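Reading through the structure tokens given below for one structure.
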Amino acid sequence: MRLMQDVLCGEIEVEGTRGLARQCRGTGKQRSGPAKRLSEGKECERNMADSGSRERTMLLIKPDGVQRGLVGKIITRFEEKGYLLVAMKLTQASEDLYREHYTELKDEPFYARLVKYLSGRPVVPMVWEGYNVVKMTRLMLGQTDPTASEPGTIRADYCIEAARNACHGSDNLECAKREINLWFKPEELISYTSCTHQWIYDEH
Ligand code: UDP
Ligand code: MG
């Protein structure tokens, strides 16, 4: 959370911040909108130097994803993107855990059915790490409704119905933190640096 706030220089939205911050390093070119605002922040250069490449999100391959043999394919998408897997397990979670996980949806008409569907069935919760990982993994998943999702996204490519959309991804940084704590003990999260890091990030 703090890292992203640093990266965002306080007020800019998440989308495209890495590219925009590069503008801040003084390419001379100014983009319209957020880039102009970001370029005004003197702190940007320093903040980008320790950019949010350690941001984490929680993804969960749902029962339909597991049963349909999509675990490997889904993991491969995030691996090939360059994100780092820092926690993963095959588990079956209780109704209580799903009630907590989806607590923000408790008043939705589909909530009870959703919790019942997920409970006690094999799923694969995971934590992935990388720059802008919360936002980007959501984009890679696609829309909640697979029929509204862009081709090339996981939900568009593998799914048909919202209730069987294969994989969950945290909505935002705050949710990510809460969900990671809900699904994993601190010792289950592995902190390490991939030997590919320097080939993915232009950090000094
Ligand atoms: N869902 C559903 N029916 C709906 C909307 C959502 O079954 O009309 C399920 C769907 O599996 C979705 C989950 O509830 O992934 C959580 O809903 P949310 O709005 O958080 O969607 P997401 O963030 O997963 O895209
Ligand atoms: Mg959601």
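Centre-to-centre, using Cα atoms only, segment 151-187 and segment 82-147 are separated by 4 Å.
Show me the ranking of peptides 55-64, 110-119, 165-174, 138-147 by mean Cβ neighbours inside 10 Å, starting with the highest. It would help to have the intermediate numbers written out before the result.
Working: 55-64: 23.5, 110-119: 15.6, 165-174: 20.1, 138-147: 17.4.
Packing order, densest peptide first, comes out as 55-64, 165-174, 138-147, 110-119.
Do any chymotrypsin sites (Phe, Trp or Tyr not before Pro) in segment 158-204 lie in a loop, going by DSSP, with at most 11 other beta-carbon atoms within 10 Å of their beta carbon, and if so which?
Y192
Using a simple spin-label model with pseudo-atoms 7 Å out from Cα toward Cβ, Q143 and A112 lie 2.8 nm apart. Counting protein heavy atoms only, segment 102-204 has 54 percent of its accessible area on carbon and sulfur, 1.4 angstrom probe.
The values are calculated or read from the model by the stated rules, or taken from the named source; none is laboratory data. Not measured: the values here are computed from a predicted model. All Cβ positions, glycine included, derive from the backbone under ideal geometry; neighbour counts span all protein chains shown. These accessible areas exclude ligands, DNA and RNA; they are computed on the full protein's heavy atoms, side chains included. Shrake-Rupley method; radii C 1.70, N 1.55, O 1.52, S 1.80 Å.
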